[in-house]
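Quick one: this structure, given as C-alpha coordinates, is what I'll be asking you about.
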Amino acid sequence: MQKRSAVSGNALFLSPEAPYPIIGGGALRSASLLEYLSQHYAVDAVLFAHSHSRAPAAALPSGMIRRFSEIELPHHSRTAAARALRNGRRLLLNRPPLLDRFSGHEEQLRDFVAGQDYAVAVIEHFWCAPYLEAIAGSAQRTILDLHNIESVWHASLAQTSAPLSAFAHRRFSRAYQELEKHWLPRFDGILVASEPDRQRILPLNRHVVVYPNAIPAVFACERVEDERIEDNVIAFSGNLEFEPNRAAVAFFAAQVWPICRRRFPGLRWRIIGKNPQAVSHLVAGDPSIELTGPVDNAVACLARTRVAVVPILAGSGTRIKILEAWASGTPVVSTRIGAEGLDAEDGRHLLLADSPEDFAAAVNRLLEDGELRARLGRAGQLLCQERYTWQAAWSQLHSADLLMGERPPAKELNML
(Lines give C-alpha, C1' and ligand atoms only; values in the text may rest on other atoms or scores of the structure.)
Protein backbone atom coordinates (compact mmCIF):
# COMPACT_ATOMS: atom_id res chain seq x y z
CA MET A 1 0.00 0.00 0.00
CA GLN A 2 1.19 3.50 -0.78
CA LYS A 3 1.97 6.02 1.92
CA ARG A 4 -1.03 8.27 2.53
CA SER A 5 -0.90 11.87 1.37
CA ALA A 6 -2.83 14.57 3.20
CA VAL A 7 -6.54 13.92 2.77
CA SER A 8 -8.71 16.63 1.28
CA GLY A 9 -12.20 15.81 2.43
CA ASN A 10 -14.32 12.70 2.28
CA ALA A 11 -15.12 10.26 -0.52
CA LEU A 12 -17.68 7.50 -0.95
CA PHE A 13 -16.83 4.19 -2.60
CA LEU A 14 -19.63 1.79 -3.59
CA SER A 15 -18.78 -1.61 -5.04
CA PRO A 16 -20.80 -4.77 -5.69
CA GLU A 17 -17.57 -6.78 -5.49
CA ALA A 18 -15.21 -6.85 -2.52
CA PRO A 19 -11.88 -5.35 -3.65
CA TYR A 20 -9.93 -7.35 -1.07
CA PRO A 21 -8.54 -9.97 -1.07
CA ILE A 22 -7.13 -9.03 -4.46
CA ILE A 23 -8.16 -12.14 -6.39
CA GLY A 24 -9.53 -11.74 -9.90
CA GLY A 25 -9.73 -8.93 -12.42
CA GLY A 26 -12.72 -7.14 -10.90
CA ALA A 27 -11.12 -7.05 -7.46
CA LEU A 28 -7.82 -5.79 -8.90
CA ARG A 29 -9.46 -2.85 -10.62
CA SER A 30 -11.68 -1.94 -7.67
CA ALA A 31 -8.78 -2.26 -5.22
CA SER A 32 -6.59 0.02 -7.33
CA LEU A 33 -9.26 2.73 -7.35
CA LEU A 34 -10.00 2.37 -3.64
CA GLU A 35 -6.28 2.61 -2.87
CA TYR A 36 -6.01 5.78 -4.96
CA LEU A 37 -9.00 7.37 -3.23
CA SER A 38 -7.66 6.51 0.20
CA GLN A 39 -4.43 8.37 -0.57
CA HIS A 40 -6.37 11.62 -1.05
CA TYR A 41 -9.58 11.31 0.97
CA ALA A 42 -11.07 9.84 4.08
CA VAL A 43 -13.12 7.08 2.45
CA ASP A 44 -16.49 5.67 3.41
CA ALA A 45 -17.14 2.32 1.71
CA VAL A 46 -20.29 0.39 0.93
CA LEU A 47 -19.71 -3.19 -0.17
CA PHE A 48 -22.06 -6.05 -0.94
CA ALA A 49 -21.70 -9.33 0.93
CA HIS A 50 -22.53 -12.72 -0.56
CA SER A 51 -23.74 -15.50 1.67
CA HIS A 52 -21.13 -17.93 0.30
CA SER A 53 -18.11 -15.65 0.80
CA ARG A 54 -16.24 -14.06 3.67
CA ALA A 55 -17.32 -10.69 5.06
CA PRO A 56 -15.85 -8.03 2.71
CA ALA A 57 -14.65 -5.78 5.54
CA ALA A 58 -12.43 -8.50 6.99
CA ALA A 59 -9.88 -8.28 4.18
CA LEU A 60 -9.67 -4.48 3.90
CA PRO A 61 -6.22 -3.10 4.81
CA SER A 62 -6.12 -1.44 8.22
CA GLY A 63 -6.70 2.31 8.14
CA MET A 64 -7.99 2.40 4.56
CA ILE A 65 -11.65 3.06 5.43
CA ARG A 66 -13.19 5.69 7.70
CA ARG A 67 -16.74 4.28 7.81
CA PHE A 68 -18.07 1.04 6.37
CA SER A 69 -21.46 -0.40 5.51
CA GLU A 70 -22.21 -3.92 4.33
CA ILE A 71 -25.23 -4.73 2.19
CA GLU A 72 -26.14 -8.38 2.55
CA LEU A 73 -27.44 -10.00 -0.60
CA PRO A 74 -30.15 -12.66 -0.34
CA HIS A 75 -28.97 -16.22 -0.85
CA HIS A 76 -29.02 -17.47 -4.43
CA SER A 77 -28.80 -21.16 -5.18
CA ARG A 78 -26.13 -22.02 -7.76
CA THR A 79 -27.82 -25.14 -9.09
CA ALA A 80 -28.55 -25.26 -12.82
CA ALA A 81 -32.30 -25.41 -12.18
CA ALA A 82 -32.24 -22.35 -9.90
CA ARG A 83 -30.16 -20.37 -12.39
CA ALA A 84 -32.51 -21.26 -15.23
CA LEU A 85 -35.52 -20.19 -13.19
CA ARG A 86 -33.95 -16.85 -12.20
CA ASN A 87 -32.77 -16.04 -15.69
CA GLY A 88 -36.13 -17.02 -17.18
CA ARG A 89 -37.82 -14.53 -14.88
CA ARG A 90 -35.26 -11.89 -15.81
CA LEU A 91 -35.90 -12.48 -19.50
CA LEU A 92 -39.63 -12.02 -18.99
CA LEU A 93 -39.05 -8.82 -17.00
CA ASN A 94 -36.28 -7.64 -19.37
CA ARG A 95 -33.97 -7.14 -16.35
CA PRO A 96 -30.31 -8.07 -16.96
CA PRO A 97 -28.99 -10.55 -14.37
CA LEU A 98 -26.33 -8.58 -12.52
CA LEU A 99 -28.33 -5.37 -12.41
CA ASP A 100 -31.23 -7.40 -11.01
CA ARG A 101 -28.98 -9.15 -8.47
CA PHE A 102 -27.63 -5.94 -6.94
CA SER A 103 -30.78 -3.81 -6.96
CA GLY A 104 -33.20 -2.83 -4.22
CA HIS A 105 -31.03 -1.46 -1.41
CA GLU A 106 -31.55 2.28 -1.84
CA GLU A 107 -32.94 2.81 1.67
CA GLN A 108 -29.90 1.33 3.42
CA LEU A 109 -27.62 3.41 1.23
CA ARG A 110 -29.56 6.63 1.88
CA ASP A 111 -29.34 6.01 5.64
CA PHE A 112 -25.57 5.55 5.39
CA VAL A 113 -24.87 8.76 3.42
CA ALA A 114 -27.40 10.95 5.26
CA GLY A 115 -25.78 14.13 6.55
CA GLN A 116 -22.51 13.51 4.68
CA ASP A 117 -20.81 15.87 2.23
CA TYR A 118 -18.54 13.90 -0.08
CA ALA A 119 -16.11 15.60 -2.43
CA VAL A 120 -16.53 12.62 -4.73
CA ALA A 121 -18.61 9.46 -4.85
CA VAL A 122 -17.41 6.53 -6.96
CA ILE A 123 -19.70 3.71 -8.06
CA GLU A 124 -18.09 0.54 -9.36
CA HIS A 125 -19.76 -1.33 -12.25
CA PHE A 126 -22.81 -0.30 -14.25
CA TRP A 127 -24.87 -2.79 -12.24
CA CYS A 128 -24.94 -0.23 -9.43
CA ALA A 129 -25.44 2.89 -11.56
CA PRO A 130 -29.08 3.32 -10.40
CA TYR A 131 -27.82 3.97 -6.87
CA LEU A 132 -26.80 7.38 -8.18
CA GLU A 133 -30.20 8.68 -7.08
CA ALA A 134 -29.55 7.62 -3.48
CA ILE A 135 -26.15 9.31 -3.19
CA ALA A 136 -26.16 12.27 -5.60
CA GLY A 137 -27.47 14.71 -2.99
CA SER A 138 -24.54 13.88 -0.69
CA ALA A 139 -21.73 14.23 -3.26
CA GLN A 140 -20.20 17.21 -5.05
CA ARG A 141 -19.11 14.92 -7.89
CA THR A 142 -20.30 11.48 -8.97
CA ILE A 143 -18.14 9.06 -10.95
CA LEU A 144 -19.04 5.71 -12.49
CA ASP A 145 -16.26 3.18 -13.09
CA LEU A 146 -17.14 0.84 -15.96
CA HIS A 147 -15.13 -2.37 -15.79
CA ASN A 148 -16.95 -3.40 -18.99
CA ILE A 149 -19.67 -1.93 -21.17
CA GLU A 150 -22.46 -4.35 -20.43
CA SER A 151 -24.39 -3.85 -23.67
CA VAL A 152 -21.23 -4.54 -25.68
CA TRP A 153 -20.22 -7.78 -24.07
CA HIS A 154 -23.76 -9.16 -24.11
CA ALA A 155 -23.96 -8.33 -27.82
CA SER A 156 -20.61 -9.97 -28.51
CA LEU A 157 -21.58 -13.08 -26.55
CA ALA A 158 -24.76 -13.30 -28.63
CA GLN A 159 -22.60 -13.73 -31.73
CA THR A 160 -20.85 -16.81 -30.37
CA SER A 161 -23.56 -18.50 -28.26
CA ALA A 162 -26.06 -21.26 -28.93
CA PRO A 163 -29.47 -20.02 -30.19
CA LEU A 164 -31.28 -19.84 -26.83
CA SER A 165 -28.37 -18.14 -25.07
CA ALA A 166 -27.89 -15.83 -28.04
CA PHE A 167 -31.53 -14.74 -27.78
CA ALA A 168 -31.08 -13.94 -24.08
CA HIS A 169 -27.86 -12.01 -24.67
CA ARG A 170 -29.41 -9.94 -27.47
CA ARG A 171 -32.37 -9.10 -25.24
CA PHE A 172 -30.14 -8.14 -22.31
CA SER A 173 -27.88 -6.13 -24.63
CA ARG A 174 -30.83 -4.06 -25.82
CA ALA A 175 -32.00 -3.56 -22.23
CA TYR A 176 -28.54 -2.37 -21.22
CA GLN A 177 -28.39 0.01 -24.19
CA GLU A 178 -31.53 1.75 -22.97
CA LEU A 179 -30.28 1.81 -19.38
CA GLU A 180 -26.92 3.22 -20.48
CA LYS A 181 -28.69 6.00 -22.39
CA HIS A 182 -30.61 6.83 -19.22
CA TRP A 183 -27.86 6.65 -16.58
CA LEU A 184 -24.51 7.47 -18.19
CA PRO A 185 -25.30 11.14 -19.03
CA ARG A 186 -26.25 11.74 -15.38
CA PHE A 187 -22.77 11.12 -13.96
CA ASP A 188 -20.20 13.90 -13.71
CA GLY A 189 -17.55 11.60 -15.08
CA ILE A 190 -16.99 8.04 -16.25
CA LEU A 191 -13.93 5.81 -16.06
CA VAL A 192 -13.38 3.10 -18.68
CA ALA A 193 -10.65 0.53 -19.14
CA SER A 194 -9.69 1.23 -22.75
CA GLU A 195 -9.78 3.76 -25.57
CA PRO A 196 -12.24 1.64 -27.63
CA ASP A 197 -14.63 1.72 -24.67
CA ARG A 198 -14.10 5.47 -24.29
CA GLN A 199 -15.13 5.99 -27.92
CA ARG A 200 -18.25 3.89 -27.34
CA ILE A 201 -19.31 5.99 -24.34
CA LEU A 202 -18.46 9.48 -25.60
CA PRO A 203 -21.82 10.01 -27.36
CA LEU A 204 -23.52 9.62 -23.96
CA ASN A 205 -21.10 11.51 -21.71
CA ARG A 206 -18.32 13.78 -22.91
CA HIS A 207 -16.31 13.47 -19.70
CA VAL A 208 -14.90 9.97 -20.11
CA VAL A 209 -11.39 9.07 -18.94
CA VAL A 210 -9.40 5.92 -19.66
CA TYR A 211 -8.31 4.40 -16.36
CA PRO A 212 -6.45 1.31 -17.54
CA ASN A 213 -6.67 -2.03 -15.82
CA ALA A 214 -3.42 -2.57 -13.96
CA ILE A 215 -1.73 -4.69 -11.34
CA PRO A 216 0.31 -3.76 -8.25
CA ALA A 217 3.99 -3.36 -9.05
CA VAL A 218 4.82 -5.94 -6.37
CA PHE A 219 2.94 -8.56 -8.41
CA ALA A 220 5.47 -8.29 -11.21
CA CYS A 221 8.12 -10.95 -10.77
CA GLU A 222 11.21 -12.17 -12.53
CA ARG A 223 10.70 -15.19 -14.77
CA VAL A 224 11.60 -18.28 -12.76
CA GLU A 225 14.65 -20.26 -13.87
CA ASP A 226 13.93 -22.34 -16.93
CA GLU A 227 14.52 -25.61 -15.14
CA ARG A 228 11.81 -24.72 -12.60
CA ILE A 229 9.20 -24.07 -15.29
CA GLU A 230 7.01 -27.11 -15.71
CA ASP A 231 7.49 -28.83 -19.04
CA ASN A 232 4.59 -28.83 -21.49
CA VAL A 233 2.15 -26.84 -19.35
CA ILE A 234 0.01 -24.05 -20.77
CA ALA A 235 -2.40 -21.97 -18.71
CA PHE A 236 -5.63 -19.99 -18.75
CA SER A 237 -6.60 -17.79 -15.79
CA GLY A 238 -9.69 -15.89 -14.68
CA ASN A 239 -12.97 -16.00 -12.82
CA LEU A 240 -14.51 -19.04 -14.47
CA GLU A 241 -18.06 -17.99 -13.62
CA PHE A 242 -17.66 -14.89 -15.80
CA GLU A 243 -19.40 -15.80 -19.02
CA PRO A 244 -16.74 -14.62 -21.49
CA ASN A 245 -14.26 -16.84 -19.60
CA ARG A 246 -16.63 -19.81 -19.71
CA ALA A 247 -17.07 -19.28 -23.45
CA ALA A 248 -13.29 -19.07 -23.88
CA VAL A 249 -12.75 -22.37 -22.06
CA ALA A 250 -15.48 -24.02 -24.15
CA PHE A 251 -13.94 -22.75 -27.41
CA PHE A 252 -10.41 -23.77 -26.51
CA ALA A 253 -11.40 -27.17 -25.12
CA ALA A 254 -13.50 -28.15 -28.11
CA GLN A 255 -11.62 -26.60 -31.04
CA VAL A 256 -8.04 -25.70 -30.10
CA TRP A 257 -6.93 -28.16 -27.45
CA PRO A 258 -7.30 -31.28 -29.62
CA ILE A 259 -5.00 -29.75 -32.26
CA CYS A 260 -2.35 -28.87 -29.67
CA ARG A 261 -2.55 -32.35 -28.14
CA ARG A 262 -2.02 -34.03 -31.51
CA ARG A 263 1.26 -32.13 -31.87
CA PHE A 264 2.26 -32.52 -28.21
CA PRO A 265 0.65 -35.66 -26.71
CA GLY A 266 2.15 -34.95 -23.30
CA LEU A 267 0.86 -31.37 -23.14
CA ARG A 268 -1.11 -30.30 -20.07
CA TRP A 269 -3.55 -27.41 -19.70
CA ARG A 270 -3.87 -25.73 -16.33
CA ILE A 271 -7.01 -23.63 -15.76
CA ILE A 272 -6.42 -21.21 -12.89
CA GLY A 273 -9.18 -19.32 -11.11
CA LYS A 274 -12.14 -19.28 -8.81
CA ASN A 275 -15.50 -20.96 -9.49
CA PRO A 276 -14.04 -23.98 -11.34
CA GLN A 277 -17.43 -25.70 -11.13
CA ALA A 278 -18.63 -23.35 -13.88
CA VAL A 279 -16.40 -25.07 -16.48
CA SER A 280 -15.78 -28.51 -14.97
CA HIS A 281 -18.33 -30.15 -17.27
CA LEU A 282 -16.52 -28.71 -20.30
CA VAL A 283 -13.26 -30.50 -19.48
CA ALA A 284 -14.51 -33.55 -17.57
CA GLY A 285 -12.83 -36.83 -18.41
CA ASP A 286 -9.60 -35.33 -19.76
CA PRO A 287 -6.76 -36.10 -17.30
CA SER A 288 -4.45 -33.69 -19.12
CA ILE A 289 -6.59 -30.71 -18.02
CA GLU A 290 -6.23 -29.42 -14.45
CA LEU A 291 -8.59 -27.08 -12.57
CA THR A 292 -6.68 -25.41 -9.73
CA GLY A 293 -9.52 -23.42 -8.17
CA PRO A 294 -8.73 -19.99 -6.66
CA VAL A 295 -5.11 -19.11 -5.99
CA ASP A 296 -3.57 -16.33 -3.92
CA ASN A 297 -1.13 -15.26 -6.63
CA ALA A 298 -2.03 -15.95 -10.25
CA VAL A 299 1.19 -14.26 -11.41
CA ALA A 300 3.35 -16.77 -9.55
CA CYS A 301 1.29 -19.67 -10.93
CA LEU A 302 1.58 -18.38 -14.49
CA ALA A 303 5.34 -17.90 -14.10
CA ARG A 304 5.75 -21.67 -13.86
CA THR A 305 4.02 -22.39 -17.20
CA ARG A 306 5.25 -22.25 -20.78
CA VAL A 307 2.44 -20.27 -22.45
CA ALA A 308 -0.63 -18.32 -21.32
CA VAL A 309 -3.66 -18.68 -23.61
CA VAL A 310 -6.39 -16.04 -23.87
CA PRO A 311 -9.00 -17.47 -26.30
CA ILE A 312 -11.56 -14.77 -25.46
CA LEU A 313 -14.40 -14.44 -27.98
CA ALA A 314 -16.47 -11.70 -26.36
CA GLY A 315 -16.26 -8.77 -23.99
CA SER A 316 -15.14 -5.20 -23.54
CA GLY A 317 -12.60 -3.50 -21.31
CA THR A 318 -9.18 -5.17 -21.16
CA ARG A 319 -8.06 -8.56 -19.89
CA ILE A 320 -6.13 -8.53 -16.63
CA LYS A 321 -5.20 -12.15 -17.33
CA ILE A 322 -2.87 -10.81 -20.04
CA LEU A 323 -1.31 -8.32 -17.62
CA GLU A 324 -0.75 -11.09 -15.07
CA ALA A 325 0.91 -13.28 -17.70
CA TRP A 326 3.09 -10.39 -18.82
CA ALA A 327 4.05 -9.61 -15.22
CA SER A 328 5.20 -13.21 -14.82
CA GLY A 329 7.24 -13.10 -18.02
CA THR A 330 5.03 -15.76 -19.63
CA PRO A 331 4.42 -15.40 -23.38
CA VAL A 332 0.79 -14.91 -24.42
CA VAL A 333 -1.36 -16.13 -27.29
CA SER A 334 -4.63 -14.20 -27.52
CA THR A 335 -7.51 -13.57 -29.84
CA ARG A 336 -7.71 -10.02 -31.14
CA ILE A 337 -10.76 -9.21 -29.04
CA GLY A 338 -8.93 -10.66 -26.04
CA ALA A 339 -6.11 -8.16 -26.51
CA GLU A 340 -8.38 -5.24 -27.45
CA GLY A 341 -7.54 -2.00 -25.68
CA LEU A 342 -3.98 -2.97 -24.74
CA ASP A 343 -1.08 -1.10 -26.32
CA ALA A 344 0.57 -4.25 -27.63
CA GLU A 345 1.97 -5.34 -30.99
CA ASP A 346 1.42 -8.75 -32.53
CA GLY A 347 4.75 -10.58 -32.70
CA ARG A 348 6.45 -8.17 -30.31
CA HIS A 349 4.51 -8.41 -27.04
CA LEU A 350 2.25 -11.41 -27.77
CA LEU A 351 0.89 -13.54 -30.60
CA LEU A 352 -2.60 -12.90 -31.98
CA ALA A 353 -4.80 -15.54 -33.58
CA ASP A 354 -8.55 -15.96 -34.00
CA SER A 355 -9.35 -19.22 -35.78
CA PRO A 356 -8.87 -22.52 -33.94
CA GLU A 357 -6.17 -23.58 -36.41
CA ASP A 358 -4.24 -20.31 -36.15
CA PHE A 359 -4.55 -20.24 -32.38
CA ALA A 360 -3.23 -23.80 -32.04
CA ALA A 361 -0.40 -23.04 -34.48
CA ALA A 362 0.65 -20.02 -32.39
CA VAL A 363 0.65 -22.07 -29.18
CA ASN A 364 2.62 -24.86 -30.83
CA ARG A 365 5.10 -22.36 -32.26
CA LEU A 366 5.84 -21.00 -28.79
CA LEU A 367 6.17 -24.47 -27.31
CA GLU A 368 8.76 -25.32 -29.97
CA ASP A 369 10.72 -22.05 -29.93
CA GLY A 370 12.37 -21.24 -26.60
CA GLU A 371 14.01 -18.10 -27.98
CA LEU A 372 10.65 -16.69 -29.11
CA ARG A 373 9.10 -17.55 -25.72
CA ALA A 374 11.86 -15.68 -23.91
CA ARG A 375 11.69 -12.65 -26.23
CA LEU A 376 7.91 -12.26 -25.97
CA GLY A 377 8.03 -12.87 -22.22
CA ARG A 378 10.61 -10.14 -21.67
CA ALA A 379 8.80 -7.64 -23.92
CA GLY A 380 5.47 -8.25 -22.24
CA GLN A 381 6.95 -7.93 -18.77
CA LEU A 382 8.65 -4.64 -19.67
CA LEU A 383 5.43 -3.24 -21.17
CA CYS A 384 3.50 -4.22 -18.06
CA GLN A 385 6.03 -2.59 -15.76
CA GLU A 386 6.01 0.62 -17.80
CA ARG A 387 2.29 1.09 -18.47
CA TYR A 388 0.12 -1.32 -16.54
CA THR A 389 1.06 -1.04 -12.87
CA TRP A 390 -1.17 0.73 -10.36
CA GLN A 391 1.30 3.58 -10.17
CA ALA A 392 1.19 4.12 -13.93
CA ALA A 393 -2.63 4.02 -13.92
CA TRP A 394 -2.79 6.46 -10.97
CA SER A 395 -0.55 8.86 -12.87
CA GLN A 396 -3.01 8.90 -15.77
CA LEU A 397 -5.94 9.35 -13.41
CA HIS A 398 -4.22 12.18 -11.55
CA SER A 399 -3.43 13.97 -14.82
CA ALA A 400 -7.10 13.76 -15.83
CA ASP A 401 -8.09 15.42 -12.53
CA LEU A 402 -11.39 13.57 -12.54
CA LEU A 403 -11.53 12.57 -8.89
CA MET A 404 -10.12 15.74 -7.34
CA GLY A 405 -11.74 19.07 -6.61
CA GLU A 406 -15.31 20.26 -7.00
CA ARG A 407 -17.76 19.36 -9.72
CA PRO A 408 -16.78 21.14 -12.95
CA PRO A 409 -19.40 23.31 -14.61
CA ALA A 410 -21.39 21.78 -17.47
CA LYS A 411 -19.61 23.93 -20.06
CA GLU A 412 -16.22 22.64 -18.94
CA LEU A 413 -17.45 19.06 -18.96
CA ASN A 414 -18.55 19.37 -22.58
CA MET A 415 -15.10 20.53 -23.58
CA LEU A 416 -13.26 17.55 -22.09
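The values are calculated or read from the model by the stated rules, or taken from the named source; none is laboratory data. Just so it is clear, the model here is predicted, and its values are computed rather than measured. Heads up, the Cβs are rebuilt from the backbone with ideal geometry, glycines too, and the neighbour counts pull from every protein chain shown. SASA here: full protein model, heavy atoms, side chains in, ligands and nucleic acids out. Shrake-Rupley method; radii C 1.70, N 1.55, O 1.52, S 1.80 Å.
Between a residue in segment 88-102 that is under 15 Å from residue 169 (Cβ atoms) and of a type outside the set (Ser, Thr, Tyr) and any residue that is open to solvent by 30 Å² or more (accessible area, probe 1.4 Å) and not in a helix (DSSP H, G or I), which pairs come within a Cβ distance under 9 Å, given they are 6 or more apart or on different chains?
If the second residue must be open to solvent by 30 Å² or more (accessible area, probe 1.4 Å) and not in a helix (DSSP H, G or I), the pairs left are 95/103.
Between a first residue in segment 331-343 that is over 21 Å from residue 301 (Cβ atoms) and a second residue that is acidic (Asp, Glu) and assigned to a loop (DSSP other than H, G, I, E, B), which pairs have beta carbons less than 7 Å apart while being 6 or more apart in sequence or on different chains?
That search, which allows pairs on different chains as well, returns 335/354; 336/354.
If you go through segment 336-373, how many residues are crowded, with 24+ Cβ neighbours inside 10 Å and of a type in the set (Val, Ile, Thr)?
Summing the residues that are crowded, with 24+ Cβ neighbours inside 10 Å and of a type in the set (Val, Ile, Thr) in segment 336-373 gives 1.
Restricting the first residue to segment 156-182 and requiring it to be more than 19 Å from residue 312 (Cβ to Cβ) and in contact (Cβ under 8 Å) with a residue 12 or more places away in the chain, which pairs with a second residue that is open to solvent by 70 Å² or more (accessible area, probe 1.4 Å) and among the basic types (Lys, Arg) meet a Cβ separation below 8 Å and a spacing of at least six or different chains?
Final answer for the pair search is 175/95.
Collect the residues in segment 296-306 that are within 21 Å of the chain's Cα centre (by Cα) and open to solvent by less than 30 Å² (accessible area, probe 1.4 Å), keeping them in residue-number order.
Listed by number, the residues that qualify are 298, 299, 302, 303.
Filtering segment 15-54 down to residues that are over 20 Å from residue 394 (Cβ atoms) and in contact with a strand residue (DSSP E or B) (Cβ under 6 Å, 6 or more places away or on another chain), which residue is modelled with the lowest pLDDT?
49
I would also like to ask the following. Which residue, of 278, 284, is in contact (Cβ under 8 Å) with a residue 24 or more places away in the chain and of a type outside the set (S, T, N, Q)?
Criteria check complete, one pass: 278.
Collect the residues in segment 309-323 that are closer than 18 Å to residue 363 by Cβ and out of contact with any Lys or Arg (no Cβ under 7 Å at 6 or more places or on another chain), keeping them in residue-number order.
309, 311, 313, 319, 321, 322
If residue 243 satisfies all but one of (1) at pLDDT 95 or above; (2) of a type in the set (D, E, K, R); (3) under 22 Å from residue 150 (Cα atoms), what's the number of the condition it fails?
(1)
Follow-up. How many of the residues in segment 233-255 are in contact with a helix residue (DSSP H, G or I) (Cβ under 7 Å, 6 or more places away or on another chain) and under 15 Å from residue 306 (Cβ atoms)?
4
Yes or no, residue by residue, for (1) over 30 Å from residue 154 (Cβ atoms); (2) in contact with a strand residue (DSSP E or B) (Cβ under 6 Å, 6 or more places away or on another chain):
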site	(1), (2)
292	no, yes
300	yes, no
314	no, no
326	no, no
330	yes, yes
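If you don't mind, another one. If I ask for residues that are among the basic types (Lys, Arg), open to solvent by 40 Å² or more (accessible area, probe 1.4 Å) and within 30 Å of residue 36 (Cα to Cα), which ones from segment 136-181 would you list?
181
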